[in-house]
Structures are given as structure tokens and as C-alpha cells.
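Worksheet: the structure to be examined is printed underneath.
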Amino acid sequence: DTGNGEQLYECPMCSLTCTNIKILEEHVDLHLEEQSFSEGGNIRDLELAQQLQTEEDKWQRSEEDKREQEEFKKLQRQYGLGNSGGYKQQFLKNMEREVDRGRMQPFEYHKRKADMMECLAFGIDDGKTKTSGLIEALCKYYKNENKDVGHVWLSTGVDHFHSSLGDRGWGCGYRNFQMLLSSLLQNSLYNDCLRDITLIPGIPKIQSMIEDAWREGFDPHGASHFNNRLHGSKAWIGACEIYSLLTSLRIKCQIIDFHKPTGPSGTHPRLFEWVLRYYSTNNEGGAKVVCTSKPPIYLQHQGHSRTVVGIEEKKNKTLCLLLFDPGCPPQEMQKLLKQNSDGTSLRLLRKFVGSLKEKQYQIVPVDGVLSLEEKAARCHASRVLTSEKIP
């Protein structure tokens with residue numbers, strides 16, 4: 001009340017006063033309309049922001065999927081798991097390339113193709129990259145060497161196998177298995193295990209043999225990595241596949257994992273010490289050169305594998321592994337066969353502690369024959385295949 005008899009009306013939203021109730025109602029309605037518009041705008045802004053965020057998340061997921069697919073395809077190509085064909089296709093393609101470049105005559109191409117098809121039919125290696133007699137040559141060399149070697153232990157006879165036109169770039173694991181097998185075939189202890197193998201199998205046959213081991217139940221986790229298929233591919237294999245194949249043949253072996261460096265500058269002296277014990281146990285004595293009955297050792301690291309065929313102990317107790325590398329061509333390996341070798345060719349084989357600096361190494365040593373019961377137990381255990389880790 002103004003005191004003059006007029007009634008005043010106060011807006012409940014902004015405290016405005018007026019004398020006309022109709023005007024106040026219109027005023028309040030404006031307040032309500034403004035509030036409603038403001039709230040609706042906020043809702044629309046929120047919806048728009050959520051929509052934009054959803055679209056951004058969808059785009060990011062799409063980009064991540066593309067990157068993952070590209071990385072997966074890259075890994076497939078790197079490890080030979082793509083659909084680019086296997087040994088046979090690569091062999092033919094590389095021979096055609098040699099003909100195009102004038103390095104191979106057409107008649108030689110057809111002859112080698114026929115030879116390859118025959119070897120594939122029989123499942124055997126053609127032997128064209130094989131070098132034999134190397135351990136005997138090394139034994140003769142070391143007996144005449146009078147410089148700084150105190151003792152040397154050598155494995156039983158081993159043939160060297162080099163990569164060929166069909167497996168260049170991915171076949172090292174298979175070639176090292178051929179080297180190991182060439183030694184086991186010369187050892188009567190393994191006659192019963194290897195009675196079905198008279199000649200060294202070719203790479204496609206080895207792939208089929210590993211698939212057979214998977215079908216028996218060995219290493220299902222590893223098999224799934226290859227989609228249970230190796231034959232006809234360029235897939236790289238490693239220590240687990242070698243273990244599965246050997247064990248399926250009833251050959252006793254194990255995987256020993258040197259999972260981290262044990263010396264300065266990323267070196268692995270415990271690997272060298274282990275190999276020394278492997279060769280020297282039960283082979284001690286005063287002889288400078290010891291030709292043992294031990295098979296060679298499969299040696300794996302990231303991206304490559306080699307075969308350990310012996311170890312030197314220098315007069316100052318320094319150790320040096322002797323390795324056969326499938327990447328070393330036959331003409332280089334054959335230099336070791338010269339009786340009057342001055343030792344320079346041994347540089348291809350010698351690896352000192354400072355030469356092996358990969359983060360991790362795995363070895364597969366062979367030590368006897370398994371009974372059928374032991375094989376079945378190992379098959380069961382390989383479903384959670386683990387390796388012994390050297391601390």
C-alpha cells in the first residue's frame with residue numbers, strides 16, 4: 001500500500017513493483033519465457049557437444065583400427081604370415097628374376113625347376129647349399145694351432161646349410177634345424193627316433209612336420225599364432241617350434257632362456273658359461289682339442305638364429321663360441337675346408353662375449369631320447385610351454 005490507497009504489486013523474480021496486476025502478470029510471463037529459452041539453449045548446447053564428442057571418439061577409434069591393421073599387416077609381412085606364397089613360389093620368382101637379369105640361362109632355369117619339383121615331391125632338401133666335413137676340418141686346424149687357444153670342444157659332425165633362392169630372408173630357423181638334424185642322423189643313439197628320416201627334409205617338409213607336432217597337441221598357443229598353418233608360407237620359426245618338432249620325434253631337449261644380460265655393456269657371459277659346461281661335462285682332461293659326442297645347439301635371438309658347434313677357451317680363460325650361420329654362403333664356409341688354413345676363415349665362426357649383445361637369447365640343447373610316456377607328458381606340459389630362465 002502506497003498510503004494513497006493504491007495497491008502495489010512486487011515481481012517475485014526481480015522485485016519490480018507496479019500498481020497494475022495485469023502489467024505484473026505480463027512482466028512475470030516475460031521472465032518465464034526468457035528462462036525457458038535459456039534452459040532450452042543450454043540443453044541444445046549440451047546435446048551438440050555430446051554429438052561432437054561422440055563423432056570425435058568414433059573417428060579416433062577408426063584411426064586406431066586402421067593403425068592396428070597396418071601394424072598387423074606389417075608384422076605379417078615381416079614374419080612371413082601373409083599370403084605371398086612360400087618356398088616354392090619364392091624359388092620360382094627369384095629364378096625368373098635371375099633369368100631376366102641375364103644371370104641364369106633359360107635351360108638352367110628349367111633344369112633347376114625340375115630338380116626343385118622332384119625334391120618337393122619327395123620332401124627332401126636338394127643339398128645345393130650344404131657344406132660337409134667342417135667339424136673334421138676344425139679339429140685338424142685346432143690340433144695344429146699353437147697360438148692362444150688353451151682348449152676347444154667341438155660337437156659331433158654337422159653339415160652347414162645356407163639359405164637358398166626359396167627361403168632367403170626368412171628360412172634361418174629351418175636351416176638351423178637341418179644342421180642339427182644332420183648331426184643327429186650321424187649318432188646311433190637317435191636311430192630309432194629318426195628311422196623314418198633317411199635324408200635331410202626340405203623346408204616345406206619341415207613345415208609339415210611342425211604342423212604334425214601341433215596336431216599331436218604340442219604348443220597350441222604357438223600354433224594359434226600361425227593359425228595352425230606353416231606349409232606354403234614364409235613364416236619365421238623359433239625356439240618353441242624347434243622344441244615342439246624335436247619332442248614330437250621323441251628327442252629330449254629343452255628351451256633355456258637367457259632373458260636379460262648378465263654382464264657389462266649388455267653382454268651374456270652366463271650363456272657362454274652354460275655352453276662351456278654343456279660341452280666340457282664328461283669331456284674333461286688334458287687334451288687341447290676334444291671332439292665330443294654332443295649334438296650342436298640351436299641358438300635364437302630376435303630376428304635370427306644360428307647353430308652353436310663348439311666353444312674355445314683361450315689360455316687367458318676368455319671364451320669364444322663357434323657358430324654356423326645359415327646366412328653365410330657356401331663358398332665362404334668351404335674356405336674352412338682348406339688344410340693349410342691360417343685361421344682367418346674362423347672369423348666367420350668366432351663370437352666372443354662382446355659380440356652377442358641382443359637383449360635376450362634362447363637355446364635348444366638336445367640330450368637323449370624320450371620314452372613314449374615322457375613324450376606324452378611333455379606334450380601335455382607344452383600346453384603351457386615355458387622355458388627355463390637363467391636368472
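The values are calculated or read from the model by the stated rules, or taken from the named source; none is laboratory data. Here the structure is a predicted model, which is why all the values come from computation and not from measurement. Every residue, glycine among them, receives a Cβ derived from its backbone with ideal geometry; neighbour counts consider all protein chains shown. Quick note on the areas: whole protein, heavy atoms, side chains included, nothing else; ligands and nucleic acids left out. Shrake-Rupley method; radii C 1.70, N 1.55, O 1.52, S 1.80 Å.
Using a Gaussian network for the chain with springs between C-alpha atoms less than 10 Å apart, which of these wobbles most: L299, L372, L24? Residue with maximal mean-square fluctuation among L299, L372, L24: L24. Normalised by residue count, segment 119-221 yields a Cα convex hull volume of 161 Å³ per residue. Per-residue extension of 0.36 nm, minus the Cα-Cα distance of Q53 and M117, leaves a gain of 17.1 nm for this segment.
Couplings 3J(HN,Hα) of segment 306-315, computed from phi: 9, 10, 7, 10, x, 8, 9, 10, 5, 5 Hz, in residue order, whole Hz [Karplus 6.51 cos²θ - 1.76 cosθ + 1.60, θ = phi - 60°; x for Gly and Pro]. Would you calculate, for the chain, the mean residue ellipticity at 222 nm contributed by helices, counting each DSSP H stretch of 4 or more residues as -39,500 (n - 2.57) and dividing by all residues, to the nearest 500? Calculated mean residue ellipticity at 222 nm is -14000 deg cm²/dmol.
Among G368, G166, G202, the largest mean-square fluctuation in a Gaussian network model of the chain (Cα springs under 10 Å) belongs to G368.
Determine the share of the chain's accessible area contributed by carbon and sulfur atoms, expressed in whole percent, with a 1.4 angstrom probe. About 49 percent, which is the carbon plus sulfur part of the accessible surface. Stokes-Einstein diffusion of segment 210-299 at 25 °C, 0.890 mPa s viscosity, Kirkwood radius from Cα pairs, rounded to a whole number: 155 µm²/s.
Under 5 Å from the amide H of I124 lie the amide H atoms of G202, each residue being 5 or more positions distant or on a separate chain, with H modelled from the backbone and absent for Pro and chain starts. Placing pseudo-labels 7 Å out from each Cα toward the beta carbon at T281 and F107 gives an inter-label distance of 5.7 nm.
In segment 229-271, the ratio of gyration radius to Kirkwood radius, Rg to Rh, stands at 1.15 when only Cα atoms are counted. Residues K140, K315 ordered from highest to lowest accessible area at a 1.4 Å probe: K315, K140. With a 1.4 Å probe rolled over the protein heavy atoms of all chains, the accessible area of V309, V28 falls in the order V28, V309, largest first.
Expressed in units of 2.2 N^0.38 Å, where N is the residue count, the Cα radius of gyration of the chain is 1.69. Taking Q254, Q334, Q50 in turn, the Gaussian network model of the chain (Cα-Cα springs below 10 Å) assigns the largest fluctuation to Q50.
Applied to segment 116-129, the Karplus parametrisation 6.51 cos²θ - 1.76 cosθ + 1.60 on θ = phi - 60° returns per-residue 3J(HN,Hα) values of 5, 5, 5, 5, 5, 5, 8, x, 10, 7, 7, x, 6, 10 Hz, with x for Gly and Pro.
Cross-link pairs exceeding 28 Å between alpha carbons, from the set K314/K359; K88/K375; K93/K294: K88/K375; K93/K294.
Per residue, the accessible area of the chain comes to 55 Å², computed with a 1.4 Å probe over protein heavy atoms only. Can you work out the base-10 log of I(q)/I(0) for segment 83-144 at q = 0.26, 0.28 1/Å, using the Debye formula on its C-alpha atoms alone? Relative scattering, expressed as log10 I(q)/I(0), comes to -1.13, -1.21. Along segment 344-360 the Karplus relation, 6.51 cos²θ - 1.76 cosθ + 1.60 evaluated at θ = phi - 60°, assigns HN-Hα couplings of 5, 5, 5, 4, 5, 9, 6, 9, 7, 4, x, 8, 10, 10, 5, 5, 9 Hz to successive residues, with x for each Gly and Pro. Seen through its C-alpha gyration tensor, with square-root eigenvalues sorted a ≥ b ≥ c, segment 304-361 comes out oblate because a/c lies at 1.5 or above while a/b is not bigger than b/c. Between S208 and R350, the simple spin-label model (points 7 angstrom out along Cα→Cβ) gives 4.4 nm. What residues have an amide H closer than 5 Å to that of K252, excluding those fewer than 5 places away on the same chain, when H is modeled at 1.01 Å from N in the peptide plane? Amide H to amide H, under 5 Å and 5 or more residues apart or across chains, K252 pairs with D367, G368, V369, L370.
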